[in-house]
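Below is one structure, written out as structure tokens; the observations come after it.
Nothing in this text is a laboratory measurement; each read-out follows from the coordinates by a stated rule. For clarity, every value in this text was computed on a predicted model and none was experimentally measured. In this analysis, Cβ positions are derived from the backbone assuming ideal geometry, glycine residues included, and neighbour counts consider all displayed protein chains.
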Amino acid sequence: MVEAAILTDGESAAAGLRAEVSGAVLTLTLDRPERRNAMTGRTWRTLAHVGQSLPASVRIVVIKGAGPSFSSGIDLDMFSPEGVEGEPPLMGRLTGGPEDGAALDADIADYQQGFLWLRRPDIVSIAAVRGHAIGAGFQLALSCDIRVLADDARFCMKEPALGLVPDLTGTKPLVDIVGVNRAIELCLTARTVSAREARELRLAELVVDGADLDGAVDDLVAALLAVPAEAAAATKELLQQAAGSGLAEQAERERRAQIGRLTALARAAAG
């Protein structure tokens, strides 16, 4: 049963995003099915707001799309002279003046905040993907710790084909997962990756029949919640640090983290 909605109806409608908390689980639903859940700057700023106002009780964040697709990516109306209703036209910011770069840098940095918080050690983020996850949709899935795909899921990094670059924090996880050479091939061909290939490339932790997607995510959430929150957060932080660390440095971090855990357990046992 849903206990709380952390966005007002007006905020949800404007951003095309629903955010509902039930116990320790926040479910974020991209909610513009008539546009295949295309996202706008307001979507990303609202995602950032959700991350900043996340209740302390939340341990798991599940992101999914309403309807048959996860997300078709950026709403291309953002590039039109009129822009998206209620938002300033993106291209209208380019006046040719020296301030253009600084203004766009600030905008994109704000958008990126909607993706960065999903890596926080105190939560586990899950992308539940069915149908297409294109461009910004692919990057949103890449921002999550775990990707569970329906067998009809499709990934595509479309930005280079549009004359752009991926700029919503997706390049690092993509390279970390598939390596730089494969990442170059995927981005510069802008080809579609099937669910089966995504699993082979380690872009998906689990691929299931479409009818089983919700149940598979529910089972995963239950398994994650069975682990004590403090131990889960400490372990996730260690794992995030491991790739960039030498063995001796990582071993030292493990010792420090374990001392902290043992100390906390001893205090709890002492009452």
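Within the set [x] 6, 31, 39, 21, 2; [y] 6, 23, 30, 25, 13, 3, 0; [z] 6, 27, 34, 22, 8, 2, 0, the number that P(r) over Cα pairs in 10 Å bins from 0, in percent takes when calculated for this structure is listed as [z].
Working note: Karplus 6.51/-1.76/1.60 with θ = phi - 60° gives region 262-270 the couplings 5, 5, 5, 5, 5, 5, 5, 5, 6 Hz, where Gly and Pro are set to x. Stretching the chain fully between VAL180 and ARG255 yields a gain of 23.8 nm (0.36 nm per residue, less the alpha carbon separation). Within the straight-line cut-off of under 23 Å between alpha carbons, the lysines reachable from LYS236 are LYS64, LYS172, sequence neighbours fewer than 8 places apart in one chain being disregarded. Where both bridge residues fall in the chain, DSSP classifies roughly 30% of the beta bridges as antiparallel. In plain terms, the chain from ALA269 to SER22 could stretch by 86.0 nm, reckoned as 0.36 nm per residue minus the Cα-Cα distance.
The distance linking region 1-60 with region 118-154 is 15 Å (Cα centroid to Cα centroid, whole angstrom).
Once backbone amide H atoms are built at 1.01 Å from N, LEU17 has ASP31 as its partners under 5 Å, excluding neighbours fewer than 5 places away on the same chain. In this structure the amide hydrogen of ASP152, modeled in the peptide plane, comes within under 5 Å of the amide hydrogens of GLY131, GLY210, none closer than 5 places in sequence on its chain.
Annotation for THR235 and SER53: the two label points, set 7 Å from Cα along the Cα-Cβ direction, are 3.3 nm apart.
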